[in-house]
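Visitor: I have a structure here, written as structure tokens, and I will follow up with some questions on it.
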Amino acid sequence: MDAKQSACTFKTSILRGGRREGVEAAEVDNGRLRLVLLPQRGMGIWKAWLDGVELGWRSPVPGPVHPAFVPLDDPSGLGWLEGFDELLCRCGLQSNGAPDFDDKGRLLYPLHGRIANLPAEEMQCRWDDHTGALSVTGDVHEVRFHHQHLRLRSTLTVRPGEGGFAIHDEVTNLSGWPATMQLLYHYNLGPPVLGAGASVIAPIMELSPRNRRAAEGIDRWDLYDAPAATTEQVYFASMHAQPDGRTMALLKSADGALGASVHWNRSQLPCFTLWKNTNTLDDGYVTGLEPGTNFPNPRTFEAECGRTVALVPGETRSFDLDFAFHVGADNVRGAVSAIEALRKSSEPARILRSPQVGRRSVGDPD
Amino acid sequence: MDAKQSACTFKTSILRGGRREGVEAAEVDNGRLRLVLLPQRGMGIWKAWLDGVELGWRSPVPGPVHPAFVPLDDPSGLGWLEGFDELLCRCGLQSNGAPDFDDKGRLLYPLHGRIANLPAEEMQCRWDDHTGALSVTGDVHEVRFHHQHLRLRSTLTVRPGEGGFAIHDEVTNLSGWPATMQLLYHYNLGPPVLGAGASVIAPIMELSPRNRRAAEGIDRWDLYDAPAATTEQVYFASMHAQPDGRTMALLKSADGALGASVHWNRSQLPCFTLWKNTNTLDDGYVTGLEPGTNFPNPRTFEAECGRTVALVPGETRSFDLDFAFHVGADNVRGAVSAIEALRKSSEPARILRSPQVGRRSVGDPD
Amino acid sequence: MDAKQSACTFKTSILRGGRREGVEAAEVDNGRLRLVLLPQRGMGIWKAWLDGVELGWRSPVPGPVHPAFVPLDDPSGLGWLEGFDELLCRCGLQSNGAPDFDDKGRLLYPLHGRIANLPAEEMQCRWDDHTGALSVTGDVHEVRFHHQHLRLRSTLTVRPGEGGFAIHDEVTNLSGWPATMQLLYHYNLGPPVLGAGASVIAPIMELSPRNRRAAEGIDRWDLYDAPAATTEQVYFASMHAQPDGRTMALLKSADGALGASVHWNRSQLPCFTLWKNTNTLDDGYVTGLEPGTNFPNPRTFEAECGRTVALVPGETRSFDLDFAFHVGADNVRGAVSAIEALRKSSEPARILRSPQVGRRSVGDPD
């Protein structure tokens, strides 16, 4: 084992106590960035520490929570919220978004789907001899006999000394029948990146508020206030991208000295949702940068809008994302410049001031 | 460690098999009274043994049941009943009482709430050097992101050689938003204290039957029949109390030689519910003495009656209860005298013969 | 221990990873036939291997699945399908069959009931000194306080060197109140017995299709096609039997060299359901031979048809089944002859070509 290899380490432990009893924590460390992966929670990433600074957010939920304690099938469709505290969690695979009900009020699709509360069947760890990169792969099956059988094969990669990580996800329809899927990456950041005066920078093509509450804040959609007892604001957007489809978004701290960016491919994930939850610190002061195959409206509505992904039997869709943390003003400015380059020679962002009927949440309480 | 300290012991074990797989049993022993605490079941008390005699009751449910096996979110709202077998279990914190539904028949609040099926995050054990008392404290979080975050900090205390135990509970609103709570102590006794001819003695101010079935037995509301295939009878009452609010209720065995009393503060727990379930021994022959912040009607109804507790952000409410077992006629008579003293110079109990509209269960099947 | 005893072995292990984490696998081996029993899944039988050949089927569900991961109370009533992959699983005890709802669309009885996702409280193993037979007994309680308390006492027996196994089940009403029960044996076979050209042979008295989809295939109800993307076909039947009530059904491979038969008593299990699910191999190519107390329609409908079993307090019903694997054409012909003997001197089978109102599924989507 050479020096490069030894720079990346992997170890697992089993957590004990409360609702985290039995949760496996898989720790990946590249010498600078430490991540805790949660194979039982759909290969989500619980938290990250860069040079010892904790990234992620402080959810009121004392997680990580074992899926057996998450009442996903609560008739309200909101039980998912009892397990939500990750830096990165996936919403899908059959559906994501607000709960969806039939005309009798019976739950069809719970909030954000099942994938974040399904355990990986197995996990594999590989070191690249040349680069020293470490990859962890896990398979999560979202399967109900006579219904869907979708497999998420998720690979997380870290490289020695880098301040970020990469995700390569493959979703395969293992059924002999056609299927549809949805996937949204709920990437959540709180302090120290988030704070009063922090901003989100993104190559917006068009952006609209999800509902009346979001419309109230449309003039400041990209700026963050200090924590306060306030309700969430959600914006739906499309993005400019490079010719190959790559695009990105950045959360920048108020002083410009810290940033977190997410990079993805618009052809894989055409919809970008910005979740501003500048609630009290006790209730979770957090923002979500959320690339997705769709907007997080009830699935039935999104399907009507054509925002599900069709998969023929055996078909695989890939999703490639990079997550980078930027430390120091120069580093942050570099990310800002990259986004400005995406905007250049493009029309200015169209910021719509009211919810768009074709995009907004169906049955949203406003 | 002196002699007094050594009189109280604490040990834990993990139960195996069936639906009790993985349940932690925390045994507290003061030399005379042995209790089994269930940290995973909201710090409930499974059973007690006084001088080797088992107290509690024989539920048909072969518990203690791990919360993962309790279908709390069954659309009927009655899944809680698959885990119910404790001597003392709490009902709350967001709600307790009969299941509550919206106008589409969709479950809003399941029977008796979540707290009895939520695990304590951590448990601490303290010995008092002077008194030899042993205290066990556990924190249980009832939290759903964007919804409530209530924390129960429960402390059980036993003193060397005493035939009882004390509970000090603190419920704190950890959210930055106002909250409401409900809490009811479901204290359940079967044989040997309960039996044909046993009676309940309490300083009743006013008592009414919950429904028609309870009204049938109003003339004998305080007396118990032998086990038989019969349905439960529930009575709602208010109590006289000392000037400081302390009050109590007693279950007395038929021969007067055995008793179990519960002592609480009326200003903390103004509502007293008596649950007479003189069903067959196989189905659970048991009575519940239940001090609560409210009566166990659906939460919506109780809220309309003003029977929820409001908590501003950060606010804590305390609940102090003592539980005593009385062995021998003299000891039991002492408890009876204490209750008579509470009644003295008070008006006689108002026993209402029919269900009171303002108090009875909404949608109760009669 | 003599040679006969040593021919049968029993050992248990705990499975790890994914949704099988913590599942106990109890392996029974008679020297020729190896079975894996699942005490936590209601004493179901996961798979069998005869002379090293795997019997059972390949479900898309990567089981065996721990009950904590099966959302039995999903408002759709179909959560059971996330745990279904056994060779033999019981459907009951309070209900089986299609989900049943009240007039508000609220789930009353989930698909196939709870018994297959309830853990046995304890398991006992006995060797018969004379025959060398090995019996494994487990008790599974289906209990909800104030509702049903039914106990399944299930005994599996294997004899040294035999190509089959026996089940003796006792269901007891442990309540002091009358109860009703339902029980269906979902016995599921895939390749190598099942395949294009395989057939089912049974002493049919009368058979009818469950719905329009099944009616389409009525002329070939007893023949199997190759795997294809097709929907299930279900047939309901009554059987001829010996004077003592014993009857049987056989699945015969296309070449006649392999068979699997199930033997039961018509007075215990009067209803026979044939489930033909010749779906793709990826989705589960499987057929079910299903003796039951009823047909797997919603419970309310079956109760109206008188197809529930009444149990007075303390009453026990027994169910005795034998399962045999037949290797070699002679062996298979023997089983066919036994069925022909049951038909002899009986009227020919009445094959009804359309769904029978009195038998078909209520609310079935056709």
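The values are calculated or read from the model by the stated rules, or taken from the named source; none is laboratory data. The model shown is predicted, which means the values in this text are computed figures rather than measured ones. Positions of Cβ are backbone-derived with ideal geometry, glycine not excepted, and every protein chain shown enters the neighbour counts. Areas reflect the complete protein model, heavy atoms only, side chains present, ligands, DNA and RNA absent. Shrake-Rupley method; radii C 1.70, N 1.55, O 1.52, S 1.80 Å.
Visitor: Report, in whole Å, the centroid distance computed from the Cα atoms of the range B:258-310 and the range C:293-338.
Guide: Going from one Cα centre to the other spans 46 Å.
Visitor: Still on this structure: Towards the positive end of the charge dipole of chain A, with charges on Cβ (+1 Lys, Arg; -1 Asp, Glu), say which of A:94, A:355, A:25 has the farthest Cα.
Guide: The Cα lying farthest towards the positive end belongs to A:355.
Visitor: Taking the Cα centroid of the range B:129-177 and of the range B:85-113, what is the distance between the two, rounded to the nearest whole Å?
Guide: Distance between centres, Cα-based: 21 Å.
Visitor: Can you quote the Å³ per residue value for the convex hull of the Cα atoms in chain B, rounded to an integer?
Guide: Numbers: hull volume 52.2 nm³, N = 366.
Looking at chain B, the number lands at 143 Å³ per residue.
Visitor: Would you check the accessible area of residue B:239, probe 1.4 Å, heavy atoms only, in square angstrom rounded to 10?
Guide: Taking all protein chains as shown, residue B:239 has close to 0 Å².
Visitor: Any idea how far apart residue C:231 and residue A:351 come out in nm if each label point goes 7 Å out from Cα toward Cβ?
Guide: 5.0 nm
Visitor: What is the antiparallel percent of DSSP beta bridges lying wholly in the range C:64-174, to the nearest 5?
Guide: Close to 95 percent.
Visitor: For the range B:210-366, report the accessible area per residue in Å² (1.4 Å probe, heavy atoms, rounded to an integer). Display every interim value, and only then the final one.
Guide: Numbers: 6630 Å² over 157 residues.
Normalised by residue count, the accessible surface of the range B:210-366 is 42 Å².
Visitor: Here is a follow-up. Using only DSSP helix segments of four residues or longer, with each worth -39500 (n - 2.57), what per-residue ellipticity at 222 nm results for chain C after dividing by its residue count and rounding to 500?
Guide: Counting only the DSSP helices, I get -2000 deg cm²/dmol.
Visitor: Under a point-charge model restricted to the Cβ atoms of Lys and Arg (+1) and Asp and Glu (-1), what is the dipole moment magnitude of the protein assembly as shown relative to its Cα centre, in debye to the nearest 20?
Guide: Around 860 debye, computed over the protein assembly as shown.
Visitor: Can you compute the charge dipole magnitude of chain C about its Cα centre, using +1 on each Lys and Arg Cβ and -1 on each Asp and Glu Cβ, nothing else charged? Give it in debye, rounded to the nearest 20.
Guide: Roughly 340 debye for chain C.
Visitor: Continuing with this model, one more query. Between residue B:13 and residue B:331, what FRET efficiency follows from the Cβ-Cβ distance if R0 is 25 Å, with the result rounded to 0.05?
Guide: Values: r = 32 Å, r/R0 = 1.29.
My answer for the efficiency is 0.20.
Visitor: To continue, here is another question. Give me a comma-separated list of calculated 3J(HN,Hα) values for the range A:75-82, in order, Karplus coefficients 6.51, -1.76, 1.60 applied at θ = phi - 60°, integers in Hz, x for any Gly or Pro.
Guide: Computed from phi, the couplings for the range A:75-82 are x, 6, x, 10, x, 3, 5, 7 Hz.
Visitor: Put a label point 7 Å from Cα along the Cβ direction on residue A:199, then list its distances to the equivalent points in the other copies in nm, shortest first.
Guide: So the label point of residue A:199 gives 8.0, 8.0 nm to the other copies.
Visitor: Residue C:103 to residue A:216: FRET efficiency via 1/(1 + (r/R0)^6), r the Cβ-Cβ distance, R0 45 Å, to the nearest 0.05? Before the final figure, lay out each step's value.
Guide: Working: r = 41 Å, r/R0 = 0.92.
Given R0 = 45 Å and the Cβ-Cβ separation, E is 0.60.
Visitor: In the range A:141-202, what percent of the accessible surface is made up of carbon and sulfur (1.4 Å probe, ligands and nucleic acids excluded)?
Guide: Carbon and sulfur together cover 55 percent of it.
Visitor: Enumerate the calculated ³J(HN,Hα) couplings along the range A:230-247 in order (Karplus 6.51 cos²θ - 1.76 cosθ + 1.60, θ = phi - 60°), each rounded to whole Hz, writing x wherever the residue is Gly or Pro.
Guide: 9, 9, 4, 10, 10, 10, 10, 9, 10, 10, 6, 8, 5, x, 7, x, 5, 8
Visitor: Something else: Among B:270, A:138, C:171, which residue has its Cα furthest toward the positive end of the charge dipole of the protein assembly as shown, with +1 on Lys/Arg Cβ and -1 on Asp/Glu Cβ?
Guide: Selected residue: B:270.
Visitor: What GluC sites (Glu not before Pro) does the range A:63-153 have in DSSP loop regions with at most 16 other beta carbons within 10 Å?
Guide: In loop regions of the range A:63-153 (DSSP not H, G, I, E or B), the sparsely surrounded GluC sites (Glu not before Pro) are A:121.
Visitor: Residues of the range B:220-256 with backbone nitrogen within less than 11 Å of a virtual label 7 Å along the Cα-to-Cβ line of residue B:206, please, listed as ranges.
Guide: B:237-239
Visitor: Continuing with this model, one more query. Suppose every Lys and Arg Cβ carries +1 and every Asp and Glu Cβ carries -1, with no other charges. What dipole size does the range A:63-182 come out with about its Cα centre, to the nearest 20 debye?
Guide: That gives a dipole near 180 debye.
Visitor: Further question: Could you do me a favour and compute the accessible area per residue for the range C:2-64, 1.4 Å probe, result in Å²?
Guide: So the range C:2-64 comes to 37 Å² accessible per residue, rounded to a whole number.
Visitor: Report relative contact order for chain B in percent, whole number only (criteria: Cα-Cα under 8 Å, sequence separation at least 6).
Guide: 17 percent
Visitor: Then there is this: My understanding is that a pair violates if its Cα-Cα distance is over 32 Å; which of B:47/C:47; B:47/B:344; B:252/B:344; C:276/C:344; C:252/C:344 do that in this structure?
Guide: Violating the 32 Å Cα-Cα cut-off are B:47/C:47; B:47/B:344.
Visitor: Just to be sure I understand: if you take the accessible area of chain C alone plus chain B alone and subtract the pair, with a 1.4 Å probe, what total do you get in Å², rounded to 100?
Guide: Values: alone 15270 and 15260 Å², together 28110 Å².
Roughly 2400 Å².
Visitor: For residue B:32, tell me the accessible area in Å² from a 1.4 Å probe, rounded to the nearest 10.
Guide: It works out to around 80 Å².
Visitor: Could I ask something else about it? Which distances, in nm and shortest first, link the residue B:178 label point to the same label point in every other copy, taking 7 Å along Cα→Cβ?
Guide: 5.3, 5.3
Visitor: Separate question: Quick one: compute the contact order of the range B:250-366, relative version, from alpha carbon pairs under 8 angstrom and 6+ residues apart, as a percent.
Guide: The normalised contact order for the range B:250-366 reaches 32 percent.
Visitor: Now a separate question. I'd like the accessible area for residue C:137: 1.4 Å probe, protein heavy atoms, all chains in place, Å² to the nearest 10.
Guide: 20 Å²
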